[in-house]
Structure formats: C-alpha cells, structure tokens
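Right, one structure below, let's go through it.
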Amino acid sequence: MPNTAPEPSAMAVKKLIHVAVAVIVRDGRILIARRPEHVHQGGLLEFPGGKVESGETVQQALVREIAEETGLRVPAETLEPVIGIRHDYGDKQVFLDVWQTASAEGEAEGREGQPVFWLTPEELRDEDFPAANRPIIRALRLPRTLHITGSLAGPGEGECRLDQALQRVTDGLVVLRAPGLVPEQYRRLVSMALARCSGSSVGVMLHGGPALLSEFTEADGLHLPWREAERLSGRPVAGNVRLGVSCHSAEQLRQAERLGADYAVLGPVLPTASHPGEPTLGWEAFEQLVAAARLPVYALGGMQPGHIAKARALGGQGIAGIGFWW
C-alpha cells in the first residue's frame, strides 16, 4: 500500500504568534477591554496588548500597543513580568507574554472603538475571557509567596509554633502541611489556624486529599501532594476554591494542568536544609519547565525572599517554602 502521508514541506505548520499583554493596575483595579464581535474570540473580554512586531522588544510593543489602544502612556522601565502562556486554539497558536505596570499615565479610552473599563481581580471571570487568558487571572489573584508549614511534633507544640509563625505573616496563603500528625491532631491544627486567620488577609490552604474540604469549608482551598494528584482524573474541588499541586517534573505539571489547578509548586530548585543531598533542578531547568507550563508556578526549595524577583524574571509566580518564614 503506497504511503499517502504528505511530505513535511507540504504539511501545514502553525505559526506561533507572539502577543504582548498588559496588566494595567490603578487603585486596585485592572484595565479590561471587550473584543469586537467580528474578530477572533469576538465579544469576549481581554487585557490590552497586541502582536510583537519584528525588531521590537516585548516592552516596546506594550508601550506602543497601550498608547494606540487606550491612549495611556507607560514608562517601559515600570513593566514587570507576570506570566507567559502558550496556547493552541486549533486554528492558531499564541504565546501570551504578560507584563504588569501600576504607572500608566493619562485617562484610558477605547481608541479603536472598543469599550474599556476597570475591574478588580475578583471580578474577572473565566467564562468572560478567551481560554488562554485564564492562567493570567489565576496569577493576578495569587500572592508572590506561598508559606508552607514546617515540622510539627504534636498538637500542643504544633499549635503554639504555628501561632507564632502566623504572627509574621500579614497576607498571602499558608499551606498547612503536617504529615507527622494523625488526622485528629491535624483537624485541631486546621481549626486553630482558621480561627487565627479569620478576618485577616491570610488564607489557609489544606494539605492532603479532597475530603478535607468537606470538613473545613471556610478554608481558602486545597493543596494536593503528588501522591494525591497523580491518581485523580479531574478537578476535585469547586471552581471557587483554590487548588494547588506539588510537582517535580514536566509530566507532573501537565497533570496539574489536566486537574485544572490554579497553581503548582515546582522543585527543589536549590538545595535545602531539610533534604540535604537531594538532586535539584537549578534555575535553568526551572525556567524551561515554567516556559512550557500553562498555569502559575512557584519555585520551591532553598528559597528566600530575595529569590522572588529571580523566580518572576524566569516566568514563575514567586516562591514557596518553609525556611524563609517558619
């Protein structure tokens, strides 16, 4: 039987379109536009931006596109990386190169006839945006640091130590990881943490299987260790509950994406005191893995606050860990 497969030169190759995306923040709100009905993904909401032209840097493209679309003036040096997302729409592939600024000057207007308005991160809904934009929404709602609890010897000592540590946290998320505690001890710890953080800007993430959330509905979400994540076939929690996954490889990141996770932690990036001698990824491998991921990713392992800028410059959401706060 003759081979009827097309020659490589005849096969259609989708061009990857590099798109610069701007998250413009003012007074806690983000500038949003509505796409014209006649264009690709028409009628949906979007962040301002456009294609990066030949010879342009992404910052130059953003300054130009923002001025053309909204009339705002953005100093290029104020742009900071948020996330990079590769997405295949079927008819085309795009790389969304997302940068943020809080220093845009002027009053925003839709200079191409598009409505523009300001929304809080909490008002951004997945269904209102193209699918490729959804990880951006996750990234904007997540903090730069993910605090993970360290070793806890028992209920009394554990609760005292956690209370002391929480006094050093003013906002963000705390993952209650306590594998040394029996279930009843862990429940007591969760109850204490939820009471301690009630009314504050600190959210509590449970660590373990999905059944935990049915007991503690006031928790911010669930962080799945890999042993739990690997045996699931779909998102185990509601869409309004945060979901995180611990990952160590590209395939594990893919599984986190399949589960619809809101974020992943990836590591160990650097050596840690808790796991001496364990192989590490290093920053180069971290950058490569994050570049292919379609969700916000925290760097884990040997992290200190000074690593936040490094992690974000390499495409990460920020840092996660124990030692820098516990």
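Computed from point charges on the beta carbon alone (+1 for Lys and Arg, -1 for Asp and Glu), the dipole magnitude for segment 14-112 about its Cα centre is near 300 Debye. The residues T57, T145, T170, sorted by heavy-atom accessible surface at 1.4 Å with ligands and nucleic acids left out, run T170, T57, T145 from largest to smallest.
Going Cα to Cα from K15, which lysines come in below 20 Å? Please leave out same-chain ones fewer than 8 positions away. The qualifying lysines are K51, K92. Sorted largest first, the principal axis extents computed over the alpha-carbon atoms of segment 185-326 equal 40, 33, 27 Å. Using a Debye calculation, one point per C-alpha and no hydration shell, please list log10 I(q)/I(0) for segment 165-206 at q = 0.16, 0.27 Å⁻¹ in order. One equal scatterer on each Cα of segment 165-206 leads to -0.39, -0.97.
Over every Cα atom in the chain, the radius of gyration and the widest Cα-Cα span, Dmax, amount to 21.6, 75 Å. Taking the centroid of alpha carbons for each part, segment 49-117 and segment 187-229 are 37 Å apart. Summarised as an ellipsoid, segment 258-297 has semi-axes of 22, 12, 6 Å, derived from the eigenvalues of the Cα gyration tensor scaled by 5 and square-rooted, with the largest first. When the Kirkwood radius is taken over all Cα pairs of segment 80-143, what Stokes-Einstein diffusion coefficient follows at 37 °C and 0.692 mPa s, in µm²/s? Rounded to a whole number, D works out at 239 µm²/s.
Each label was represented as a point 7 Å from its Cα along the Cα-to-Cβ direction; for D88 and E112 these points are 2.7 nm apart. Here the dipole of segment 210-259 is about 200 debye; that uses its Cα centre as origin and unit charges on the Cβ of Lys and Arg (positive) and Asp and Glu (negative).
Note on segment 261-326: Cα Rg divided by 2.2 N^0.38 Å, N the number of residues, gives 1.02. Residue ranges 262-269, 89-96 sort as 262-269, 89-96 when ordered by packing (mean number of other C-beta atoms within 10 Å per residue, highest first). The calculated FRET efficiency for S103 paired with W326, based on their beta-carbon distance and R0 = 45 Å, is about 0.85. The residue list T170, C247, L289 was ranked by how far each Cα lies along the charge dipole of the chain toward its positive end, using unit charges on Cβ atoms, and C247 comes out on top.
Rule-of-thumb check for segment 117-174: C-alpha Rg over 2.2 N^0.38 Å? Mind showing how you got there, number by number?
Working: Rg = 17.3 Å, N = 58, 2.2 N^0.38 = 10.3 Å.
Rounded to two decimals, the normalised Rg is 1.68.
How much net charge surrounds E257 when only the other residues with a Cβ under 14 Å from the Cβ of E257 are counted, with Lys and Arg +1 and Asp and Glu -1?
Working: positive: R86, R134, R138, R235, R254, R258, R294; negative: D88, E230, E251, D262.
Net of charged neighbours comes to +3.
I'd like the orientation of helix 183-197 relative to the chain: the angle between its Cα long axis and the longest Cα principal axis, in ° from 0 to 90, rounded to 10. That works out to roughly 60 degrees.
Taken along the Cα-to-beta-carbon direction at a fixed 7 Å, the label points for R29 and Q41 span 2.3 nm.
Using +1 on the beta carbon of Lys and Arg, -1 on that of Asp and Glu, and nothing else charged, what's the dipole of the chain about the Cα centre, debye to 20? It would help to have the intermediate numbers written out before the result.
Details: 32 positive and 39 negative charges, 121 e Å.
Dipole of the chain, to the nearest 20 debye: 580 debye.
Put simply, the convex hull of the Cα atoms in segment 185-235 casts, on average, a shadow of 3.9 nm². P(r) tail for segment 146-253: Cα pairs beyond 22 Å make up 29% of the total.
Using the eigenvalues of the Cα gyration tensor, what equivalent ellipsoid semi-axes result for segment 1-142 when each is taken as the square root of five times the eigenvalue, whole Å, largest first? Intermediate results must be reported in sequence, preceding the final value.
On the way: eigenvalues 192, 57, 42 Å².
They are 31, 17, 14 Å, listed from largest to smallest.
For R258 and T217, a Förster radius of 25 Å and the Cβ-Cβ distance give a FRET efficiency of 0.50, rounded to the nearest 0.05. Our summary gives the chain a relative contact order of 14 percent, counting only alpha carbon pairs under 8 angstrom and 6 or more residues apart. Counting charges near V74 (Lys, Arg +1; Asp, Glu -1) among other residues having Cβ under 10 Å from its Cβ returns a value of -1. A cut-off under 12 angstrom between Cβ atoms defines the neighbours of V52, and their net charge, with Lys, Arg +1 and Asp, Glu -1, is -2. Projecting the Cα positions of P135, V116, V58 onto the charge dipole of segment 4-139 (unit charges on Cβ atoms of Lys, Arg, Asp and Glu, taken about the Cα centre) puts P135 furthest along the positive direction.
The values are calculated or read from the model by the stated rules, or taken from the named source; none is laboratory data. If you're wondering where the values come from, they're calculated on a predicted model, not measured in any experiment. Here Cβ is always computed from backbone atoms with ideal geometry, including for glycine, and neighbour counts include all displayed protein chains. Heavy atoms of the whole protein, side chains included, go into the accessibility calculation; ligands, DNA and RNA do not. Shrake-Rupley method; radii C 1.70, N 1.55, O 1.52, S 1.80 Å.
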